[in-house]
1. Can you confirm whether the stretch 110-117 contains a residue that is surrounded by fewer than 15 Cβ atoms within 10 Å (Cβ to Cβ), closer than 18 Å to Tyr30 by Cβ and at pLDDT below 95?
2. In the stretch 11-21, what residues are surrounded by 12 or more Cβ atoms within 10 Å (Cβ to Cβ) and not aliphatic (A, V, I, L, M)?
3. Could you please let me know if Lys69 is out of contact with any strand residue (DSSP E or B) (no Cβ under 8 Å at 6 or more places or on another chain) and closer than 25 Å to Glu3 by Cβ?
Amino acid sequence: MNELGAKGEELAVLYLRQNGFKIRFTNWQYGHKEIDIIAEKGDTIHFVEVKARSQYYLDEPKQAVVRRKQNNIILAADGFMQKYSESREASFDIIGIVFYKNHHELEFIENAFEPNF
């Protein structure tokens, strides 16, 4: 993981904790698939993809979570749910972070996508 990505994930974990989420795992692996953050809040398990960008990128971070990436996250989440016998609701979320010279902006998109199979 690059330095920007690592910093983005740190900020994402901090944001989630400050907003009442319990972090279960970071960088959880299922085969060759990975989920950046698995958190829980209430009756929901949140599978969070973190995308960090510098101000110089043309696209927004959330645009980088294309359908193929979504499907990989969904498959890994299914593996997690089976491994830990989870039956709670699942939410597939995106945290996009854009770094500027002296600050950053964080956008949390809950239920950003859903399984389509």
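1. So the first thing to find is which residues in the stretch 110-117 are surrounded by fewer than 15 Cβ atoms within 10 Å (Cβ to Cβ), and the list is 110-111, 114-117.
Imposing the further condition that a residue be closer than 18 Å to Tyr30 by Cβ reduces the set to 115, 117.
Okay, now just the ones that are also at pLDDT below 95, so 115, 117.
Yes.
2. The answer is Tyr15, Arg17, Phe21.
3. Numbers: out of contact with any strand residue (DSSP E or B) (no Cβ under 8 Å at 6 or more places or on another chain): no; closer than 25 Å to Glu3 by Cβ: yes.
When the stated conditions are applied, Lys69 does not pass them.
The values are calculated or read from the model by the stated rules, or taken from the named source; none is laboratory data. Quick caveat, the model's predicted, so the values are computed rather than measured. Ideal geometry is used to build each Cβ from the backbone, glycine not excepted, and the neighbour counts take in all protein chains shown.
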